[in-house]
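Peer 1: Structure incoming, see below.
The values are calculated or read from the model by the stated rules, or taken from the named source; none is laboratory data. Quick caveat: nothing in here was measured; it's all calculated off a predicted structure. A quick note on method: Cβ atoms are made from the backbone with ideal geometry, for glycine too, and the neighbour counts reach across all protein chains shown. These accessible areas exclude ligands, DNA and RNA; they are computed on the full protein's heavy atoms, side chains included. Shrake-Rupley method; radii C 1.70, N 1.55, O 1.52, S 1.80 Å.
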Amino acid sequence: QGSRSRACVYRWVSRPAQPGAHVSTGPSAALMSKLLLVLVAAVRATDFSYTEKYAAGRSDYYLRRAGAAVAGSEHQKSLAAAAVDISPDNATVAARAKSVGLPEAALKRVGQASLQVCPVSEWPEGGPGEDCPSPAGIASTELFPTPIGFAHVSQLGLKDWRQTLRHLRTSSISRFKKAYKSGQESPEDKLFTHTNNRFFKMQVTNPEEAMKNPRFWKEMYASPEYKEWAGAARQICSSYIRRMGIPLSAEEEKDMESVLWAAVYPNVKNDVVTHLYHAHQESIVSFVLFVSMPAPATPMTIADPRGTPPIEDYEWFQDLGDLGVDAEPPFHRTLEFFPGDGDIIVFPSFAIHKVPPHTGRGTRVAWPGNCHLPKRSTRKQTENPLDGWERIARWQSGFGARPQAVPAYLAAAQAALERAHKVGDPYMKLWEAQNQVVAVLQFGLHDAQAWLAAGNVSANIAVLLAAQDEGDYFADAATFWSQALKLDPSAKGALEGILQDLSPKKVPKRLAQGYRAAKPWLKWVRSWIQSPPAESEFIQFLHEDLNGAGKCSRMCPDGSQPKVQDLVIQPMFSTRVFTVPVPDADTQEEKLLQASQQILELGTQDLEFSFEPATARCWRRREAASLSGFICSTETEILFADPRGAWPERWAGSIIESSPQYATSCRSGDGDLLASEPKAPFHWHRSVSCGPGKALVFPAWLAHQVSPGGEGSARAFSITTTWERGVAGWRIPPQRPLCKPSQFDSAASYTSAGTEAALRAAETHKSDEL
């Protein structure tokens with residue numbers, strides 16, 4: 001840490017894959033031979049000094065927020081503590097943290113400020129990450145990881161990858177200079193933000209269209225280097241998906257849509273060259289090829305999705321600059337990738353990422369890209385896959401369905417739609433609403449009322465998107481209504497009422513275009529309302545009962561192997577749950593205090609143990625504790641909510657801006673539905689078994705509940721830490737971005753037994769609250 005450079009020793013060792021595993025732990029011999037051609041030395045120092053230089057600004061962000069928080073609150077202390085963790089040796093930061101009430105004992109760093117990852121050619125044996133061993137005799141389970149992939153351009157099978165990098169660099173810089181020179185109207189036109197926007201608009205981001213009509217940038221789009229790179233880009237996406245065992249059909253891979261563009265970051269004075277935090281809506285996979293990375297390296301930053309909820313609208317913070325928003329504590333530790341020329345990073349399109357201000361001696365050039373699952377278009381309609389984010393989010397995150405949560409997700413979809421009508425750019429909120437609709441249908445699969453309501457929300461989304469020229473989404477609503485009638489033909493009357501509401505006599509001017517676009521679709525639905533059209537294969541999302549085995553043709557996963565064989569997947573930002581043996585009832589509390597001491601790295605004198613009531617059918621978390629847990633007397637399942645589905649409590653643009661998440665989860669009433677469930681696409685829960693003589697221990701911020709019927713078998717407790725002359729709360733244990741070694745069963749997330757069992761058990765449940 002600090003300004004010292006670290007040596008990343010090239011000691012990658014080829015090792016055979018584990019039987020049935022899909023997560024690579026190192027490169028193959030073929031990759032090693034390619035890399036050896038370009039490695040000059042076995043040891044190379046990567047300059048991580050950017051981290052320390054940037055730390056003061058990040059700490060200032062948290063201290064500014066702490067100064068505006070409620071005086072003396074735990075939230076204020078957590079913000080100040082995050083500032084100290086990031087800049088532990090900065091006296092000014094310590095003084096400001098103390099001024100807002102952080103105790104003297106808390107003015108020390110807990111954990112590292114970030115995970116710094118050097119170029120892949122310099123990785124040590126075992127890859128990046130921290131050693132996070134479980135205490136002796138205690139097993140651990142990693143929940144809800146976010147998969148980040150790493151590769152090198154030499155793995156892509158290009159004819160001459162060095163020439164490809166040279167061409168992408170020189171042509172991109174030349175084109176960027178033209179964009180810069182075209183801004184002549186005012187001094188502001190010369191700023192990077194405006195130049196970058198012009199540069200992006202000068203590009204054709206669809207590779208097929210670009211090569212079909214290369215005149216817009218002939219030097220690039222007519223070149224063999226671009227043609228090769230465009231073909232390899234789709235292989236990056238499909239290999240990332242297949243490497244993890246995520247379902248992908250042959251047709252989806254063949255017709256997958258890719259988007260490519262050049263990003264140029266010059267080193268200029270008196271300007272900020274940066275790309276603010278953002279995600280890529282509707283895509284499934286995103287990636288970046290780092291073409292030219294001048295020293296000292298400017299990293300690419302990926303934020304912890306548990307503290308930067310992916311589904312939120314980060315456009316709200318664009319006017320505040322690079323440090324206008326950062327992760328909520330205790331998830332302030334980021335992944336900082338310091339790439340080398342030719343490195344590739346691959347990540348879920350929901351991952352919040354940015355390029356902090358570039359300070360390298362030279363021009364930084366990258367080629368980012370996104371991949372989209374293909375739409376299904378006919379002469380009359382276009383249907384849209386809505387599970388781009390959900391399909392990746394479900395990886396290793398569980399398959400637990402909660403039909404009783406359908407009303408909560410419908411309320412969230414409606415609330416997001418209402419907010420979309422009040423903002424200047426509704427696109428982000430509409431994507432949020434569409435994800436909640438997916439949760440409604442996946443959890444309410446056999447409920448006609450759920451499909452009817454989902455179609456209503458989707459039709460209103462389609463009206464607003466059509467009014468903004470953002471695409472055609474009416475066919476999705478029609479598909480949902482058709483499914484509702486197949487489940488319950490008596491729903492025709494309710495559907496007729498919905499269609500009537502979608503045909504108002506007077507409409508706001510801003511929505512007129514959308515309602516005009518809706519007319520032929522509403523007419524078409526009325527034409528078949530008495531007899532729904534023949535069933536076609538469902539494409540909006542995956543579910544065994546809709547397009548699973550025996551019910552699919554185009555959507556059947558084909559099991560093809562990844563084309564980029566050496567792509568390395570690292571499971572980042574996961575949450576650890578410990579299983580502690582407590583066989584003797586008389587010493588259970590003592591054993592748990594000792595285990596907590598090891599987990600928290602504190603003395604038992606700093607810990608307080610207390611029992612609490614166990615709950616089922618609603619989520620709980622302990623605001624002041626550091627650890628929570630259960631002691632089980634019989635075999636019981638403990639359910640955990642995905643923390644990436646957090647509801648921001650104090651962000652502008654969020655649906656609710658003050659109520660803590662899950663605060664109303666165990667109360668009933670329509671007003672209590674919002675924030676009672678994690679936001680989709682992070683709606684699937686994970687269960688961990690707890691049996692006789694065992695206890696589960698986990699961070700107190702992790703929302704949990706006992707499986708229905710298990711309340712009498714599981715005794716809940718919490719561990720509070722007092723080492724900060726108060727409570728340490730969620731600050732400890734520190735949340736490390738990556739623990740190693742990490743081994744995951746890539747197929748676990750898509751085992752359908754858990755989903756189906758939950759759905760069948762709840763078959764009698766009808767969503768009357770809809």
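Peer 1: Which condition number in (1) in a loop (DSSP other than H, G, I, E, B); (2) under 22 Å from Glu130 (Cα atoms); (3) not small (Gly, Ala, Ser) is the one that Leu335 fails?
Peer 2: In the conditions (1) in a loop (DSSP other than H, G, I, E, B); (2) under 22 Å from Glu130 (Cα atoms); (3) not small (Gly, Ala, Ser), Leu335 misses (1) alone.
Peer 1: Quick test of your reading of the structure: Ile246 fulfils all but one of (1) β-branched (Val, Ile, Thr); (2) within 25 Å of Asn547 (Cβ to Cβ); (3) not in a loop (DSSP other than H, G, I, E, B). Name the failing condition by number.
Peer 2: Result: Ile246 passes all but (3).
Peer 1: Looking only at the stretch 116-157, count every residue that is closer than 23 Å to Asp566 by Cα and surrounded by fewer than 18 Cβ atoms within 10 Å (Cβ to Cβ) and tell me the total.
Peer 2: Residues that pass the stated criteria total 5.
Peer 1: Just to be sure before I move on: is Asp313 at pLDDT below 90 and in contact with a helix residue (DSSP H, G or I) (Cβ under 6 Å, 6 or more places away or on another chain) in the structure I sent?
Peer 2: So Asp313 passes the test.
Peer 1: Separate question: Would you check if there is a residue in the stretch 693-711 being on the phi > 0 side of the Ramachandran plot, at pLDDT 90 or above and not polar (S, T, N, Q)?
Peer 2: Taking every residue of the stretch 693-711 in turn, at least one turns out to be on the phi > 0 side of the Ramachandran plot, at pLDDT 90 or above and not polar (S, T, N, Q).
Peer 1: Let me ask something additional. Return the pairs, sorted by first residue and then second, in which the second residue is buried (at least 21 other Cβ atoms within 10 Å of the Cβ), the first residue lies in the stretch 102-119 and is at positive phi, the beta carbons are less than 7 Å apart, and the residues are 6+ apart or on different chains.
Peer 2: Pairs found: Gly111/Asp85; Gly111/Arg333.
Quick grid of which residues meet (1) in contact (Cβ under 8 Å) with a residue 12 or more places away in the chain; (2) assigned to a loop (DSSP other than H, G, I, E, B):
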position: Leu452; (1), (2): yes, no
position: Ser458; (1), (2): yes, no
position: Ile461; (1), (2): yes, no
position: Gly471; (1), (2): yes, yes
position: Trp481; (1), (2): yes, no
position: Lys486; (1), (2): yes, no
position: Lys492; (1), (2): yes, no
position: Gln500; (1), (2): no, no
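Peer 1: Looking at the stretch 599-652, what strands (runs of 3 or more DSSP E) fall wholly within it and have at least 1 residues that are open to solvent by 20 Å² or more (accessible area, probe 1.4 Å), over 30 Å from Ala279 (Cα atoms) and touching a residue at least 60 places away in the same chain (Cβ under 8 Å)?
Peer 2: Fully inside the stretch 599-652 and qualifying: 607-612, 636-640.
Peer 1: Also, I was wondering about something else. So the check is Cβ under 6 Å with 6+ separation or different chains; which pairs have a first residue in the stretch 168-195 that's closer than 21 Å to Pro356 by Cα and among the basic types (Lys, Arg) and a second one that's open to solvent by less than 70 Å² (accessible area, probe 1.4 Å) and modelled with pLDDT of 90 or more?
Peer 2: Arg169/Val291; Arg169/Ser292; Arg169/Val365
Peer 1: Among the residues of the stretch 287-308, is any in a strand (DSSP E or B), modelled with pLDDT of 95 or more and either of a type in the set (D, E, K, R) or open to solvent by 10 Å² or more (accessible area, probe 1.4 Å) (or both)?
Peer 2: Looking for residues that are in a strand (DSSP E or B), modelled with pLDDT of 95 or more and either of a type in the set (D, E, K, R) or open to solvent by 10 Å² or more (accessible area, probe 1.4 Å) (or both), one finds at least one in the stretch 287-308, hence yes.
Peer 1: Also, I was wondering about something else. So is Phe682 farther than 17 Å from Trp647 by Cβ, open to solvent by less than 10 Å² (accessible area, probe 1.4 Å) and either out of contact with any strand residue (DSSP E or B) (no Cβ under 9 Å at 6 or more places or on another chain) or among the aromatic types (Phe, Trp, Tyr) (or both) or not?
Peer 2: Answer is no for this residue.
Peer 1: Residue check: is Val365 under 30 Å from Thr164 (Cβ atoms) and buried (at least 24 other Cβ atoms within 10 Å of the Cβ)?
Peer 2: Judged against the criteria, Val365 is a match.
Peer 1: Provide a single number: the residues in the stretch 615-651 that are farther than 18 Å from Val688 by Cα and of a type outside the set (D, E, K, R).
Peer 2: Residues that pass the stated criteria total 8.
Peer 1: Would you check if there is a residue in the stretch 196-219 being charged (D, E, K, R) and surrounded by 22 or more Cβ atoms within 10 Å (Cβ to Cβ)?
Peer 2: no
Peer 1: Let me ask something additional. Looking only at the stretch 387-423, count every residue that is in a loop (DSSP other than H, G, I, E, B), at pLDDT 90 or above and open to solvent by 10 Å² or more (accessible area, probe 1.4 Å) and tell me the total.
Peer 2: Of the residues in the stretch 387-423, 2 are in a loop (DSSP other than H, G, I, E, B), at pLDDT 90 or above and open to solvent by 10 Å² or more (accessible area, probe 1.4 Å).
Peer 1: Now for a separate question. Looking at the stretch 391-414 only, could you name the residues that are within 21 Å of the chain's Cα centre (by Cα), of a type in the set (Gly, Ala, Ser) and within 22 Å of Leu465 (Cβ to Cβ)?
Peer 2: Ala412, Ala413
Peer 1: What number of residues within the stretch 78-111 are modelled with pLDDT under 90 and open to solvent by less than 60 Å² (accessible area, probe 1.4 Å)?
Peer 2: Adding up the residues that qualify gives 8.
Peer 1: Take the conditions of a type in the set (Val, Ile, Thr), part of a helix (DSSP H, G or I) and free of Cβ contacts under 8 Å to residues at least 40 places away in the same chain and apply them to Thr164. Does it pass?
Peer 2: Judged against the criteria, Thr164 is not a match.
Peer 1: Would you mention how many residues in the stretch 160-207 are in contact with a Gly (Cβ under 8 Å, 6 or more places away or on another chain) and modelled with pLDDT under 95?
Peer 2: 5
Peer 1: Continuing with the same structure: Limited to the stretch 482-513, what total is found for residues that are under 19 Å from Leu417 (Cα atoms) and either surrounded by 22 or more Cβ atoms within 10 Å (Cβ to Cβ) or touching a Gly at 6+ places or on another chain (Cβ under 9 Å) (or both)?
Peer 2: The qualifying residues number 2.
Peer 1: Scan the stretch 431-439 and tell me whether some residue there is open to solvent by 10 Å² or more (accessible area, probe 1.4 Å), assigned to a helix (DSSP H, G or I), touching a helix residue (DSSP H, G or I) at 6+ places or on another chain (Cβ under 7 Å) and under 16 Å from Leu511 (Cβ atoms).
Peer 2: Within the stretch 431-439 (the criterion being open to solvent by 10 Å² or more (accessible area, probe 1.4 Å), assigned to a helix (DSSP H, G or I), touching a helix residue (DSSP H, G or I) at 6+ places or on another chain (Cβ under 7 Å) and under 16 Å from Leu511 (Cβ atoms)), the answer is no, since none of the residues qualifies.
Peer 1: Exactly one of (1) assigned to a helix (DSSP H, G or I); (2) open to solvent by 30 Å² or more (accessible area, probe 1.4 Å) is unmet by Arg554. Its number?
Peer 2: (1)
Peer 1: Give me the residue from the stretch 267-286 that is within 14 Å of Gly360 (Cα to Cα) and surrounded by fewer than 18 Cβ atoms within 10 Å (Cβ to Cβ) and, out of that set, modelled with the lowest pLDDT.
Peer 2: Among residues in the stretch 267-286 that are within 14 Å of Gly360 (Cα to Cα) and surrounded by fewer than 18 Cβ atoms within 10 Å (Cβ to Cβ), the one modelled with the lowest pLDDT is Lys269.
Peer 1: Would you tally the residues in the stretch 502-516 being of a type in the set (Val, Ile, Thr) and part of a helix (DSSP H, G or I)?
Peer 2: 0
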